[in-house]
2 protein chains.
Amino acid sequence: MRGELTAKGRATRRRIVEGAAAVLRERGVASATLDDIMARTGTSKSQLFHYFPAGKDELLLAVARFEADRVLEDQQPYLGCLDSWEAWERWRDVVIERYEAQGDECPLGSLFFQVGRSTPGARAIVSELMRRWQESLAAGIRSLQATGRLPAGLDVDARSAALLAAIQGGVSILLSTGQSTHLRAALDLGITDLRRAGEAMR
Amino acid sequence: MRGELTAKGRATRRRIVEGAAAVLRERGVASATLDDIMARTGTSKSQLFHYFPAGKDELLLAVARFEADRVLEDQQPYLGCLDSWEAWERWRDVVIERYEAQGDECPLGSLFFQVGRSTPGARAIVSELMRRWQESLAAGIRSLQATGRLPAGLDVDARSAALLAAIQGGVSILLSTGQSTHLRAALDLGITDLRRAGEAMR
DNA sequence: ACTACAGTGGACTCCACAGTCCATTCCAAG
DNA sequence: CTTGGAATGGACTGTGGAGTCCACTGTAGT
């Protein structure tokens, strides 16, 4: 079916995914219905099932993919070039700003609980996102090593894993309490400690 | 109504909450129904609505409170007496073990997405949990300061906030990917960096 | 022992919402 | 201009599951 889509079809499909994403963010996954999505995207039920034959779950998964892609895009160009301490700090500011703006909606998080974290499809999307995210952080650390700002002996994997966890935790606390202080503290100390770990090894 | 419960009534109510918690953990919040809970707890629908007049949401909230209490209990007695570096490491091991055992079920997390993170009741429960959790960590840091293992000048709030975020992030990555490496790295480096930050200030 | 109310059983209502189906329109290729 | 398949409209169905209701039972207090 995927190859048979005409230009018009592809456009409609995109409209559905983007509109659904918006609806899900506003109403929350739990209470968003196909009718909401139809209303928002100006489509009929048959269209929904035409483009997503397996129904709601397939659509939710498509939205999850869409949202996952946005996550890293929103951190660019900073995330892609963490080659100086200033770059790290600019990136940190972008992340904090982005998630403060997002407020208490977690497009991705809610999606999993609906589809089921354990669903292979859903799990693959998050795992892939986490992998790429961590890899970007690791690349940043490595470029600091390459320019001598960090010693070569640093455990890049552990450091990038911890940083990723710090972000995730900060965000999830922001989601549930509405406070961004934890995200701030986690990122600030994460970067500070990265720096200090480097100095300690010299 | 709360004060009018007889001993029998209180027992039934408890049975419902505990049984519901088990069902929710097994089936996931999204697919758990009142009928599942009735079957599991050997109760009838009228009992459910007798003890939770506002229906499913009220019951879910009660379960959330129940689960929130377990979280910190499960980390005792370690969390309550973080007065040496060995104690911190024992606590870390308990946390990792607990969440590895829990696997990919997040009793609390899923509850919010169902009830709605923004619901005042739900938010209050998590906020309170986070507050108490962080306070325990802060108390641990302070007791290290008191015995001279950490300098007095350390920013206790920021450190404890970052540690809490590290845990939350590690757990949420464990939930979505099934891997505990991030939780491990976050906790290990969190404790290591705490120690190093102390040494750097001397 | 009586009585009033907590506790319990379970049938019944009601409806929101996913998913189906067929009729109709659009459009590209020949 | 015709024809086949993609794209669309929208009425219809089926059902899972929350919440209601009333009848019955157990029991604590007087």
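The values are calculated or read from the model by the stated rules, or taken from the named source; none is laboratory data. Note that this is a predicted model, so its numbers are computed, not measured. With ideal geometry, Cβ positions are generated from the backbone for all residues, glycine too; neighbour counts draw on all protein chains shown. Ligands, DNA and RNA are stripped out before the accessible areas are found, and what is left, the full protein with its side chains, is counted by its heavy atoms. Shrake-Rupley method; radii C 1.70, N 1.55, O 1.52, S 1.80 Å.
Values as computed for the structure displayed
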quantity: Number of positions in region B:9-50 that are open to solvent by 40 Å² or more (accessible area, probe 1.4 Å), more than 8 Å from DNA strand D (Cβ to nearest atom) and within 14 Å of chain A (Cβ to nearest Cβ); calculated: 4
quantity: Pick from region B:153-171, criterion surrounded by 22 or more Cβ atoms within 10 Å (Cβ to Cβ) and small (Gly, Ala, Ser), ranking: farthest from the other protein chains (Cβ to nearest Cβ); calculated: B:160
quantity: Condition broken by residue A:119, with the remaining ones in (1) under 30 Å from residue B:105 (Cβ atoms); (2) under 16 Å from the mean Cα position of the chain (by Cα) satisfied; calculated: (2)
quantity: Residue within region A:51-58 that is open to solvent by less than 50 Å² (accessible area, probe 1.4 Å), more than 14 Å from DNA strand D (Cβ to nearest atom) and either away from chain B (no Cβ under 14 Å) or not in a helix (DSSP H, G or I) (or both) present; calculated: no
quantity: Filtered residue count, region B:179-190, keeping only those that are in a loop (DSSP other than H, G, I, E, B) and facing chain A (nearest Cβ under 7 Å); calculated: 0
quantity: Matching residues in region A:1-25 - criterion: being under 19 Å from residue A:113 (Cβ atoms) and within 14 Å of DNA strand C (Cβ to nearest atom); calculated: A:20, A:23, A:24
quantity: Region A:172-202, residues that are buried (at least 23 other Cβ atoms within 10 Å of the Cβ) and touching a Leu at 6+ places or on another chain (Cβ under 6 Å); calculated: A:174, A:183, A:190
quantity: Which listed residue is in the same structural domain as residue A:148 (by TED's automatic domain parsing), crowded, with 17+ Cβ neighbours inside 10 Å and within 12 Å of the chain's Cα centre (by Cα), from A:78, A:99; calculated: A:99
quantity: Region B:111-124, residues that are in contact with a helix residue (DSSP H, G or I) (Cβ under 7 Å, 6 or more places away or on another chain), within 22 Å of residue A:102 (Cβ to Cβ) and either at pLDDT 95 or above or more than 10 Å from every other protein chain (Cβ to nearest Cβ) (or both); calculated: none
